[in-house]
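Presented below is the structure to which this report refers.
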Amino acid sequence: MLKLSATVLLCLLMIGCAAKSSHQLTGQARAAISPAEVVVFSEPPQQYSEIAIVTATSGGSITPANKGKTADVLNWLKAEAAALGANGIILTSLEEDVEMDRVPTTTGTQSSHNNVTKFYQIAQATAVYVE
């Protein structure tokens, strides 16, 4: 029964942790494009127009430095930028955040709380249109 409770807890943690993205306009938005057309830059390109600051946060994971979460966050940034017509993002930060949650658990007739550590990837980029 304990294994079943742990499995259910793990599934709930994974399902309830969706990624989020947002933006703050700093320039003129353009017609939306496909996220596949958005290029990720680590350094600013030669000529570009700034459109927005985009931010994305992954869902929680019980493992640190999860490469899948990093890919998810970058894809969310690209999708947010593409919706604004940006054909590039200049990555300005990629960090990991750690959070402790108290999760209620029940085994038979007893209920208690377990501490669960969740790791999040947080990224920020400047959405740009490269001329």
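The values are calculated or read from the model by the stated rules, or taken from the named source; none is laboratory data. On a predicted model such as this, the values are computed, not experimentally measured, just so you know. Counting neighbours? That spans all protein chains shown, and the Cβs are built from the backbone with ideal geometry, glycine included.
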When the range 39-73 is checked residue by residue, the ones that are among the β-branched types (Val, Ile, Thr) and modelled with pLDDT of 95 or more are Val39, Val40, Ile51, Ile53, Val54, Thr55
Residues of the range 82-122 being at pLDDT below 95, among the aliphatic types (A, V, I, L, M) and surrounded by 12 or more Cβ atoms within 10 Å (Cβ to Cβ), in sequence order, are Leu94, Val103, Val116, Ile122
request  = Might you let me know whether the range 39-58 holds any residue that is farther than 13 Å from Ala127 by Cβ and within 15 Å of the chain's Cα centre (by Cα)?
outcome  = yes
For the range 17-38, the count of residues that are among the aliphatic types (A, V, I, L, M), at pLDDT 90 or above and under 15 Å from the mean Cα position of the chain (by Cα) equals 0
Subset of the range 90-131, residues in contact with a Pro (Cβ under 8 Å, 6 or more places away or on another chain) and free of Cβ contacts under 8 Å to residues at least 40 places away in the same chain, comes to Glu96, Val98, Ser111, Ser112, His113
The condition of being of a type outside the set (Ser, Thr, Tyr), in contact with a helix residue (DSSP H, G or I) (Cβ under 6 Å, 6 or more places away or on another chain) and not in a loop (DSSP other than H, G, I, E, B) holds, among Ala127, Ala71, only for Ala127
Of (1) under 24 Å from Arg30 (Cα atoms); (2) under 11 Å from the mean Cα position of the chain (by Cα), Val128 fails just (2)
